[in-house]
Each structure stands twice: as structure tokens, then as C-alpha cells.
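Peer 1: I have a structure here, written as C-alpha cells, and I will follow up with some questions on it.
The values are calculated or read from the model by the stated rules, or taken from the named source; none is laboratory data. Bear in mind the structure is a predicted one, so any value in this text is a computation, not a measurement. With ideal geometry, Cβ positions are generated from the backbone for all residues, glycine too; neighbour counts draw on all protein chains shown. Ligands, DNA and RNA are stripped out before the accessible areas are found, and what is left, the full protein with its side chains, is counted by its heavy atoms. Shrake-Rupley method; radii C 1.70, N 1.55, O 1.52, S 1.80 Å.
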Amino acid sequence: MKPTPCFDIRQQCVGFPYGLQLADAHIRSGMARNVLLVGAEVHTGFMPWTEGNWQYMMGRSEVKPTPEEWAWATRFRHLTVLFGDAGAAVVVQAAEGGERGVIDSILKTDGTDYEKLYVPGTGFKHRPYTSPEQIARATTSP
């Protein structure tokens, strides 16, 4: 395989639309005829579970979380659907005969309510998993 350009677009959920816009631009400009767009996110490491809770969640242990552990681990439950793990890929290709690509895209952002999505005291620096102790040491604001 010859040298291949690669981009790492760190835009969380909107990384895929931004990547699609970039792929379309490369094809329309003639810089590329084929683009493989891969989107992937790994966010479960942000969830404040103990090692034992992880083992139970993964089906490696029969020991259920205590009521206290359950209350602690689910306090960010409303965000879990956003901070899940996922991956997808699509091939974008140049077409002959005037076929259209992406018709239009308008990508904007507004960080006004960022604190509604904020989980204090953690980060991927602490991989593979975030511990309840790390979150307990955090403040309530970023």
C-alpha cells in the first residue's frame, strides 16, 4: 500500500459528519477518488465503576454491585447513552457522469450548556478505567 493520508478528527459525536464533509471536499477537489471514513469512540472508561462492578458488567463475576455502588455508578446514567462505545465505517467514492455527492452541509456548534454533558474528575489519562475515587476528588465544575 502506498503512503496514505490520514486525519484524526476529534469532534466527538459530530466527528462523522465533519469527516463526511472533508471526504466529499477531497473527492470534489480531485485530491482523492476513494475515501475510507471510520468513526470510533470509546467512552465507557469514563463511567465511575469499581473493578468489581466492571467484572459484573462484563459477565465475569456473579457479585452484584451493592446499593451504594449502584447509586454511585449510576449518578451519570443519563449521560451513558452519549458516552458509549461505537464504531462505523463508510467508503466515499468519486462517481462518473455528474452524479452528486453530499448535497449540502452546515456544521455549527454552541457550547452554551456544556456543563450538562460534563463528568467531573476524569479523563482518558486514567485509562483503562475511571475509578470512583478519581471522580470523588473532582470539583463539580470543569
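Peer 1: Could you look through the range 71-92, keep only residues that are surrounded by 12 or more Cβ atoms within 10 Å (Cβ to Cβ) and either among the hydrophobic types (A, V, I, L, M, F, W, C) or in contact with a strand residue (DSSP E or B) (Cβ under 7 Å, 6 or more places away or on another chain) (or both), and pick out the one that is modelled with the lowest pLDDT?
Peer 2: The residue in question is 83.
Peer 1: Now, a different point. Could you identify the single residue in 59, 52 that is open to solvent by less than 90 Å² (accessible area, probe 1.4 Å), outside any loop (DSSP other than H, G, I, E, B) and modelled with pLDDT of 85 or more?
Peer 2: On the way: 59 fails: outside any loop (DSSP other than H, G, I, E, B).
Unique residue meeting the criteria: 52.
Peer 1: Continuing with this model, one more query. Quick test of your reading of the structure: residue 136 fulfils all but one of (1) among the hydrophobic types (A, V, I, L, M, F, W, C); (2) open to solvent by less than 90 Å² (accessible area, probe 1.4 Å); (3) modelled with pLDDT of 75 or more. Name the failing condition by number.
Peer 2: Of (1) among the hydrophobic types (A, V, I, L, M, F, W, C); (2) open to solvent by less than 90 Å² (accessible area, probe 1.4 Å); (3) modelled with pLDDT of 75 or more, only one is false for residue 136: (3).
Peer 1: Continuing with this model, one more query. Would you pick out the residues in the range 10-21 that are of a type in the set (A, V, I, L, M, F, W, C) and surrounded by fewer than 15 Cβ atoms within 10 Å (Cβ to Cβ)? Spell out the reasoning first.
Peer 2: Our first condition is that a residue be of a type in the set (A, V, I, L, M, F, W, C); within the range 10-21, this holds for 13-14, 16, 20.
Passing the criteria: 13, 14.
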